[in-house]
């Protein structure tokens with residue numbers, strides 16, 4: 001990265017959302033009824049393609065960098081009870097959705113740590129999910145997030161028998177000083193064993209999740225971590241920026257703040273790791289992913305079909321995403337529905353025979369257009385807002401003020417606007433800043449404090 005670009009990024013750096021949805025979750029509202037949600041489910045057309053997400057909100061140890069909805073437990077009874085509640089939620093959904101014979105294209109287990117589940121409970125959940133729709137597609141994608149420290153042969157065997165064909169390993173970093181500083185004791189050998197175990201059980205698509213911006217990371221150390229990650233031959237690599245938000249996540253106060261890299265250092269850390277991956281032939285995807293040439297995400301990018309949802313970049317373009325478990329967010333066409341984040345109300349609703357949703361968002365016409373524009377920018381680093389609106393049948397959508405708000409980025413070399421109105425991000429770090437210009441909710445929201453742009 002040249003110094004002029006770096007100076008411009010530092011000049012415009014501010015906290016903006018990650019834009020895995022639009023509107024973003026803080027703008028969802030309460031007040032919907034059980035009948036309303038049932039009707040939204042009933043609206044799903046028969047045989048529609050659908051994706052499924054299962055949230056497992058437990059970990060055996062709290063990593064101080066974690067921004068996920070999770071809780072620490074040393075008792076399996078807590079996980080077992082949660083499994084029963086999850087199954088009850090699914091049992092309420094089955095009578096509505098099973099007759100529709102929906103075409104399941106993707107299933108993802110996230111957390112927390114899905115590896116907290118015993119193999120028997122993992123199988124019980126998948127068995128109940130299979131009643132929701134048709135799981136017979138040859139290209140069905142079934143993925144699970146794995147804590148390398150908790151990987152075991154019996155769990156991997158269960159994953160294999162349940163059709164899992166992709167695993168995402170939470171590596172973060174291989175440097176022990178860095179990992180100790182965030183309360184995660186995990187070394188390269190542990191990750192190597194987990195990777196080998198996945199492949200030994202036929203799960204050949206292995207993703208590696210790394211993080212930059214952690215305490216004590218240096219340019220040399222992150223280059224070494226990137227090089228070590230390549231030895232595991234992952235299909236995909238994500239390089240997420242750590243968002244230090246101790247006012248939201250109190251456990252982040254345990255991180256030694258004077259050991260955190262500066263905003264300028266964060267840029268160097270990202271660029272150094274990215275250079276290692278790209279020099280090794282990995283294709284950059286969006287703002288923070290890198291994939292082998294043969295990966296589905298590369299095909300999706302080049303065919304203009306890349307998507308972005310709550311799990312990050314994906315080739316999943318299903319119009320329906322059904323999420324179950326505490327904090328899960330579903331997208332049912334143009335409606336978002338979020339389950340209760342905290343376990344007590346989630347449990348109480350399920351045990352009383354009610355759908356455990358808390359908040360929702362019905363997208364306006366403007367929301368739909370801006371969601372499309374933001375997604376395209378996040379995926380392709382360029383978008384023609386007027387063209388996208390026209391493609392949705394609304395050629396006269398009002399983008400007044402948006403282009404004007406992007407002009408400071410243009411003047412400082414971070415964006416470009418073509419004669420046809422196409423907006424180009426000239427640096428990966430400027431894509432979210434451009435998206436913020438299309439975000440009608442951001443100027444009036446405290447959400448701008450959530451995550452840094454770099």
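The values are calculated or read from the model by the stated rules, or taken from the named source; none is laboratory data. Computed from a predicted structure; not experimentally measured. Glycine gets a Cβ as well: all are built from the backbone with ideal geometry, and neighbour counts include every protein chain shown.
State whether one or more residues within segment 292-305 are in the same structural domain as residue 188 (by TED's automatic domain parsing) and closer than 27 Å to residue 63 by Cα.
The answer is no; no qualifying residue exists.
For the structure I just gave you, tell me whether residue 211 is closer than 23 Å to residue 257 by Cβ and at pLDDT 95 or above. Explain how you work it out, then say what you get.
Working: closer than 23 Å to residue 257 by Cβ: yes; at pLDDT 95 or above: yes.
Taking the combined requirement at face value, the residue satisfies it.
Could you run through segment 385-398 and say how many residues are within 28 Å of the chain's Cα centre (by Cα) and not in a helix (DSSP H, G or I)? Explain how you work it out, then say what you get.
Applying the first criterion (within 28 Å of the chain's Cα centre (by Cα)) to segment 385-398 yields 385-389, 391-392.
Cutting the leftovers down to not in a helix (DSSP H, G or I) gives us 392.
Result for segment 385-398: 1.
Return a yes/no flag: does segment 100-114 have any residue that is within 18 Å of the chain's Cα centre (by Cα), assigned by TED's automatic domain parsing to the domain that holds residue 207, in a helix (DSSP H, G or I) and on the phi < 0 side of the Ramachandran plot.
Keep residues of segment 100-114 that are within 18 Å of the chain's Cα centre (by Cα), which gives 105-114.
Keeping just the survivors that are assigned by TED's automatic domain parsing to the domain that holds residue 207 gives 105-114.
Narrowing the set further to residues that are in a helix (DSSP H, G or I) leaves 114.
Checking which are on the phi < 0 side of the Ramachandran plot leaves us with 114.
Taking every residue of segment 100-114 in turn, at least one turns out to be within 18 Å of the chain's Cα centre (by Cα), assigned by TED's automatic domain parsing to the domain that holds residue 207, in a helix (DSSP H, G or I) and on the phi < 0 side of the Ramachandran plot.
For segment 234-264, give me each residue that is without any contact (Cβ under 8 Å) to a residue 12 or more places away in the chain and either touching a helix residue (DSSP H, G or I) at 6+ places or on another chain (Cβ under 9 Å) or within 30 Å of residue 315 (Cβ to Cβ) (or both). Break it down stepwise before answering.
Step one: filter segment 234-264 for residues without any contact (Cβ under 8 Å) to a residue 12 or more places away in the chain, giving 246, 250, 253, 258, 262.
246, the sole residue that qualifies.
Given the criterion out of contact with any helix residue (DSSP H, G or I) (no Cβ under 8 Å at 6 or more places or on another chain) and surrounded by fewer than 21 Cβ atoms within 10 Å (Cβ to Cβ), identify the matching residue among 303, 307.
Working: 307 fails: out of contact with any helix residue (DSSP H, G or I) (no Cβ under 8 Å at 6 or more places or on another chain).
Checking each option against the conditions leaves just 303.
Quick one: in segment 152-181, of everything that is over 23 Å from the mean Cα position of the chain (by Cα) and part of a loop (DSSP other than H, G, I, E, B), which residue is farthest from residue 140 (Cα to Cα)?
Among those that are over 23 Å from the mean Cα position of the chain (by Cα) and part of a loop (DSSP other than H, G, I, E, B), it is 175.
If I ask for residues that are assigned to a loop (DSSP other than H, G, I, E, B), in contact with a strand residue (DSSP E or B) (Cβ under 8 Å, 6 or more places away or on another chain) and farther than 30 Å from residue 239 by Cβ, which ones from segment 334-359 would you list? Talk me through it step by step, then tell me what you get.
Initial filter on segment 334-359 (assigned to a loop (DSSP other than H, G, I, E, B)): 334, 340-342, 352-356.
If we keep only those that are in contact with a strand residue (DSSP E or B) (Cβ under 8 Å, 6 or more places away or on another chain) too, we end up with 334, 340-341, 356.
Listed by number, the residues that qualify are 334, 340, 356.
Which condition from (1) free of Cβ contacts under 8 Å to residues at least 24 places away in the same chain; (2) over 19 Å from residue 68 (Cα atoms) is the one that residue 301 breaks?
Condition (1) is where residue 301 drops out.
Of all the residues that make up segment 410-422, how many are farther than 19 Å from residue 370 by Cα and touching a helix residue (DSSP H, G or I) at 6+ places or on another chain (Cβ under 6 Å)?
So the answer is 3.
Give segment 71-86 a look and list any residue that's crowded, with 18+ Cβ neighbours inside 10 Å and closer than 15 Å to residue 324 by Cβ, or say none. Lay out the reasoning, then the answer.
Within segment 71-86, the first condition is being crowded, with 18+ Cβ neighbours inside 10 Å, and the residues that meet it are 79, 82-83, 85-86.
82, 83, 85, 86, listed by residue number.
Restricting to segment 8-21, count the residues that are surrounded by 14 or more Cβ atoms within 10 Å (Cβ to Cβ) and either out of contact with any helix residue (DSSP H, G or I) (no Cβ under 9 Å at 6 or more places or on another chain) or more than 25 Å from residue 368 (Cα to Cα) (or both).
Looking only at segment 8-21, we keep the residues that are surrounded by 14 or more Cβ atoms within 10 Å (Cβ to Cβ), and these are 8-10, 12-13, 15-21.
Still in the running and either out of contact with any helix residue (DSSP H, G or I) (no Cβ under 9 Å at 6 or more places or on another chain) or more than 25 Å from residue 368 (Cα to Cα) (or both): 8-10, 12-13.
Qualifying residue count for the region: 5.
With respect to the numbered conditions (1) under 24 Å from the mean Cα position of the chain (by Cα); (2) closer than 26 Å to residue 126 by Cβ; (3) crowded, with 18+ Cβ neighbours inside 10 Å, which one is the sole condition not fulfilled by residue 347?
(1)
So for segment 36-50 (the condition being under 19 Å from the mean Cα position of the chain (by Cα) and either surrounded by 13 or more Cβ atoms within 10 Å (Cβ to Cβ) or closer than 30 Å to residue 261 by Cβ (or both)), does at least one residue qualify?
Filtering segment 36-50 down to residues under 19 Å from the mean Cα position of the chain (by Cα) leaves 50.
So of that shortlist, the ones also either surrounded by 13 or more Cβ atoms within 10 Å (Cβ to Cβ) or closer than 30 Å to residue 261 by Cβ (or both) come out as 50.
Yes, segment 36-50 has at least one match.
Of (1) under 18 Å from residue 439 (Cβ atoms); (2) touching a helix residue (DSSP H, G or I) at 6+ places or on another chain (Cβ under 8 Å), residue 356 satisfies all except one. Which?
The number of the failed condition is (1).
Of the residues 263, 283, only one is surrounded by fewer than 20 Cβ atoms within 10 Å (Cβ to Cβ), in the same structural domain as residue 71 (by TED's automatic domain parsing) and touching a strand residue (DSSP E or B) at 6+ places or on another chain (Cβ under 6 Å); which?
Values: 263 fails: touching a strand residue (DSSP E or B) at 6+ places or on another chain (Cβ under 6 Å).
From the options 263, 283, the qualifying one is 283.
Taking the conditions exactly as written (under 28 Å from residue 335 (Cα atoms), at pLDDT 95 or above and in contact with a helix residue (DSSP H, G or I) (Cβ under 9 Å, 6 or more places away or on another chain)), does residue 83 satisfy them or not? Before the answer, list the steps.
Working: under 28 Å from residue 335 (Cα atoms): yes; at pLDDT 95 or above: yes; in contact with a helix residue (DSSP H, G or I) (Cβ under 9 Å, 6 or more places away or on another chain): yes.
It is true that residue 83 is under 28 Å from residue 335 (Cα atoms), at pLDDT 95 or above and in contact with a helix residue (DSSP H, G or I) (Cβ under 9 Å, 6 or more places away or on another chain).
Specify the residue that is farthest from residue 85 (Cα to Cα); the eligible residues are those in segment 324-333 that are out of contact with any helix residue (DSSP H, G or I) (no Cβ under 6 Å at 6 or more places or on another chain) and either assigned by TED's automatic domain parsing to the domain that holds residue 108 or outside any strand (DSSP E or B) (or both).
Quick first cut of segment 324-333, residues out of contact with any helix residue (DSSP H, G or I) (no Cβ under 6 Å at 6 or more places or on another chain) only: 327-331, 333.
Okay, now just the ones that are also either assigned by TED's automatic domain parsing to the domain that holds residue 108 or outside any strand (DSSP E or B) (or both), so 327-328, 333.
Working: 327: 13, 328: 14, 333: 26 Å.
Here the residue is 333.
Looking only at segment 364-386, which residues are over 27 Å from residue 29 (Cα atoms) and surrounded by fewer than 15 Cβ atoms within 10 Å (Cβ to Cβ)?
none
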